[in-house]
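Enquirer: Shown below is the structure under consideration.
What follows draws every value from the coordinates through simple rules; no lab data is involved. It should be emphasised that the depicted structure is a prediction, and the values quoted were computed from it without experimental measurement. Glycine gets a Cβ as well: all are built from the backbone with ideal geometry, and neighbour counts include every protein chain shown.
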Amino acid sequence: MQTGLKLKKWPLVSRLFHWVSVILLVIVWSLFVLYENSDNVFYINLHKAFGLSLLCWMLARLINRLLTRAPQAIAMPKWQDWTARLVHLGLYTLLIAMPMAGLLMTVYAGYPVSVFGLLHIPVFVTPNPEAASFYKSLHTGVIWSLILAFTGVHIVAALYHQLVKKDKLINRML
């Protein structure tokens, strides 16, 4: 950790964590759309593997965030600063909770999960259709809707800073 320096950008590792998270989320979503439109289990199996990859990535990203100093703050009203903090916390929480709910949905349904054929997560709970249904609702309904909402707020705020305020906030993550 650097002390005394006023960082203008997030460190390269933090920027990579951010953009790879975006890419992984798009891949996971795309694989689900492919599965829904083809009903081919190949896509849902990849969806699960990339989803668990996103979980591991987000846990590593959280550790990085806790150990990394943020760039110098950009002047903004306190309510915007607090909103930004809440949205970021929400995104981290949701992007960790989403694959966990998906994993629990799958194992409670009685299915193991293969991660690219390299790692096999067995059914580590007693199969329970009610629990599987609960986690499915959480995974596909509640958490997904919240991810869309929080991501939308995040993107709109970034564009507001870039296009309206012109304070170059986005440059800190590029």
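Enquirer: Ranking request for peptides 57-63, 17-23: highest mean number of other beta-carbon atoms within 10 Å first, then the rest in descending order.
Expert: Numbers: 57-63: 16.7, 17-23: 14.4.
So the peptides 57-63, 17-23, ranked by packing, come out 57-63, 17-23.
Enquirer: Once both labels are modelled 7 Å past Cα along the beta-carbon direction, what's the residue 12-residue 162 spacing in nm?
Expert: It is 2.2 nm.
Enquirer: Using a 10 Å cut-off around each Cβ, can you sort 39, 81 from fewest to most neighbouring Cβ atoms?
Expert: Working: 39 9, 81 13.
Lowest count first: 39, 81.
Enquirer: Helix-derived [θ] at 222 nm for the chain: sum -39500 (n - 2.57) over DSSP H runs of at least 4, divide by residue count, nearest 500? Mind showing how you got there, number by number?
Expert: Values: 5 runs with 110 residues, N = 174.
It comes out at -22000 deg cm²/dmol, rounded to the nearest 500.
Enquirer: Turning to a different aspect of this structure: Structure shown: which of 9/78; 136/168; 78/166 lie over 30 Å apart, alpha-carbon to alpha-carbon? If you can, show how the numbers build up before the last one.
Expert: Values: 9/78 21 Å; 136/168 40 Å; 78/166 18 Å.
Beyond 30 Å: 136/168.
Enquirer: Okay, moving on. Using Stokes-Einstein with the Kirkwood hydrodynamic radius over Cα pairs, what translational diffusion coefficient do you get for the chain at 20 °C and a viscosity of 1.002 mPa s, in µm²/s rounded to a whole number? Each step should come with its number before you reach the end.
Expert: Values: Rh = 17.8 Å.
Estimated via Stokes-Einstein, D reaches 120 µm²/s.
Enquirer: Looking at region 120-166, which chymotrypsin sites (Phe, Trp or Tyr not before Pro) are in a loop (DSSP not H, G, I, E or B) and have at most 14 other Cβ atoms within 10 Å? Mind dumping the intermediate values first?
Expert: Numbers: sites: 124, 134, 135, 144, 150, 160; in loops: 124.
Counting only loop positions with at most 14 other Cβ atoms within 10 Å, the chymotrypsin sites (Phe, Trp or Tyr not before Pro) in region 120-166 are 124.
Enquirer: Moving on. I'd like to compare 152-159, 101-108: which one has the highest average count of other Cβ atoms within 10 Å, and what's the full order after that? Each step should come with its number before you reach the end.
Expert: Working: 152-159: 13.0, 101-108: 21.2.
Answer by packing, highest mean first, reads 101-108, 152-159.
Enquirer: To continue, here is another question. If you rank 15, 172, 85 by fewest surrounding Cβ atoms within 10 Å, what's the result? Mind dumping the intermediate values first?
Expert: Working: 15 14, 172 17, 85 10.
Exposure proxy ranking, most exposed first: 85, 15, 172.
Enquirer: Let me ask something additional. Are there trypsin sites (Lys or Arg not before Pro) in region 122-168 that DSSP marks as loop and that have at most 10 other Cβ atoms within 10 Å, and which are they? Can you show the working numbers first?
Expert: Values: sites: 136, 165, 166, 168; in loops: 166, 168.
In loop regions of region 122-168 (DSSP not H, G, I, E or B), the sparsely surrounded trypsin sites (Lys or Arg not before Pro) are 166.
Enquirer: Still on this structure, I have one more. Can you tell me how much longer the chain between residue 67 and residue 37 gets when fully stretched, taken as 0.36 nm per residue apart minus their C-alpha distance, in nm with one decimal?
Expert: Gain on extension, residue 67 to residue 37, equals 6.6 nm.
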